[in-house]
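Following: one structure in structure tokens, then a few remarks.
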Amino acid sequence: MPMQPLRGQIMLTYRCSAACRHCLVMAAPQQDPTLVTVADAVEYGRDFQALGRQVLLAGGEALLYFEHVLAICRALREAGVPVGFVESNGSWCTTDERVRARLEQLKEAGVEGMYFSIDAFHQEFVPAERVHRGIRLAREVFGLENVYAPFPSLAEVRALEGVAADPERLHHAVCSYGVHYLGRSADDLAPLASFVPLEALAQENCRADLEIDTLAELQVDPFGYVRPDWCPGVNLGNTRHARLADLARTERVRQDPLLSDLAEGGPAALLPLARRFGITPEPAYASKCHLCFALRRQLVAHLPDAFGPEHVYQICARQ
Ligand code: SF4
């Protein structure tokens, strides 16, 4: 089944084989390897399906844990929940034999397609040959219409290698890519942006960004935090306390004072809270999301349920 307009992402892990400069979730090789459990993944899959959302698996790099992904997909299939696609950066695509064997196992386990992340930031870590091999073989295994990859030709992917190491080309990539300046990009890429005064950012709201019922993609992380895919750390709640199906609704935003203030007033709505905890904002930021992230990064220790986990803001290394 092709990619659907409404999707539910089960984020398997914060750990990744890469550490892209634009990563929204601070994924990295040394990041905490906690995995979503098979039982939780089945519950999340059922709830996303009940909300009319296509289920996908992602990370970090979910396919670092291939056998665990297979176990989750088989359990979801048993539960009548198809996995629309698995997101990957293709770093594991070392030989045709290995890739074909793994893609056929995923298909046998009920996976319907693949999504390969390709851009100047991923190609700083993942050789073009690998991700292109993944695309080429996934098209054979899943069919052309079930493989999502921005740049299909090897030459186009190769052209992205080295961009991140070239300040001028990196600046162009940052401007053209539409970076949100959340996660690692708040540190690595925001310095390349033109900053906007706090007063101007205070005019922005997040109504559309928190219109949950029609938002393209929602995410649940390995710790049970449910949030918009583009707003890691802006939590609708946690599945330890409520069902995903009850949390993943616009009504939830309306009910929660913090979320409804954020929707109506944008990140500036967090300023009184920040000042209460002795946090002084900067005079300007790269974007409203940069402001939001910077405040939440300092507030998460005080309000872990609202803005957790810490992994969204830093590497939480654990063996
Ligand atoms: S400002 Fe915060 S809540 Fe609004 S879209 Fe950006 S990250 Fe999401």
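The values are calculated or read from the model by the stated rules, or taken from the named source; none is laboratory data. These figures come from a predicted structure and were not determined experimentally. Every residue, glycine among them, receives a Cβ derived from its backbone with ideal geometry; neighbour counts consider all protein chains shown. These accessible areas exclude ligands, DNA and RNA; they are computed on the full protein's heavy atoms, side chains included. Shrake-Rupley method; radii C 1.70, N 1.55, O 1.52, S 1.80 Å.
Restricting attention to the range 118-147, the residues being open to solvent by 20 Å² or more (accessible area, probe 1.4 Å) and in contact (Cβ under 8 Å) with a residue 60 or more places away in the chain number 4. Condition (residue is under 14 Å from PRO222 (Cα atoms) and small (Gly, Ala, Ser)) applied to the range 67-87: is it met by at least one residue? No, the range 67-87 has no match at all.
Can you name the residue in the range 245-262 that is open to solvent by 20 Å² or more (accessible area, probe 1.4 Å) and polar (S, T, N, Q) and, of all such residues, is nearest to the ligand (Cβ to nearest atom)? Working first, answer last.
To start, the set of residues in the range 245-262 that are open to solvent by 20 Å² or more (accessible area, probe 1.4 Å) comprises 246, 249, 251-252, 254-258, 260-261.
Subsequent filtering for residues that are polar (S, T, N, Q) retains 255, 260.
Numbers: GLN255: 16, SER260: 12 Å.
Ranking the candidates gives SER260 first.
Look at the range 159-182: where a residue is closer than 18 Å to LEU291 by Cα and a partner is open to solvent by less than 30 Å² (accessible area, probe 1.4 Å) and small (Gly, Ala, Ser), sitting 6+ places away or on another chain with Cβ atoms under 7 Å, you get VAL174/ALA193; VAL179/SER185; HIS180/SER287; TYR181/ALA190; TYR181/ALA193; TYR181/ALA286; TYR181/SER287. For first residues located in the range 263-290 and near the ligand (Cβ under 10 Å from one of its atoms), partners that are modelled with pLDDT under 95 and lie 6+ apart or on another chain with Cβ distances below 7 Å form the pairs SER287/HIS180; CYS289/HIS180.
Does the range 165-177 hold any residues that are open to solvent by less than 40 Å² (accessible area, probe 1.4 Å) and either within 20 Å of the chain's Cα centre (by Cα) or charged (D, E, K, R) (or both), and which are they?
Once the filter is applied, which keeps residues that are open to solvent by less than 40 Å² (accessible area, probe 1.4 Å) and either within 20 Å of the chain's Cα centre (by Cα) or charged (D, E, K, R) (or both), the range 165-177 yields ALA173, VAL174.
Of everything in the range 297-315 that is within 12 Å of the ligand (Cβ to nearest atom) and surrounded by 24 or more Cβ atoms within 10 Å (Cβ to Cβ), the residue that is farthest from PRO232 (Cα to Cα) is PHE307. Among the residues making up the range 223-244, those that are within 12 Å of the ligand (Cβ to nearest atom) and open to solvent by 20 Å² or more (accessible area, probe 1.4 Å) are ASP229, TRP230, CYS231.
Of all the residues in the range 112-152, those that are closer than 20 Å to GLN4 by Cβ, outside any helix (DSSP H, G or I) and over 19 Å from the mean Cα position of the chain (by Cα) number 2. Within the range 202-250, being in contact with a Pro (Cβ under 7 Å, 6 or more places away or on another chain) and among the small types (Gly, Ala, Ser) holds for one residue alone: ALA216. In the range 192-220, the residues that are within 11 Å of the ligand (Cβ to nearest atom) form Cβ pairs under 6 Å with partners that are modelled with pLDDT of 95 or more and open to solvent by 40 Å² or more (accessible area, probe 1.4 Å), at six or more places apart or across chains, as follows: ASN205/GLU264.
Total residues in the range 12-46 satisfying the condition of being over 28 Å from ALA128 (Cα atoms) and open to solvent by 10 Å² or more (accessible area, probe 1.4 Å): the figure is 8. Counting the residues of the range 47-62 that are of a type in the set (A, V, I, L, M) and either open to solvent by 10 Å² or more (accessible area, probe 1.4 Å) or assigned to a loop (DSSP other than H, G, I, E, B) (or both) gives 2.
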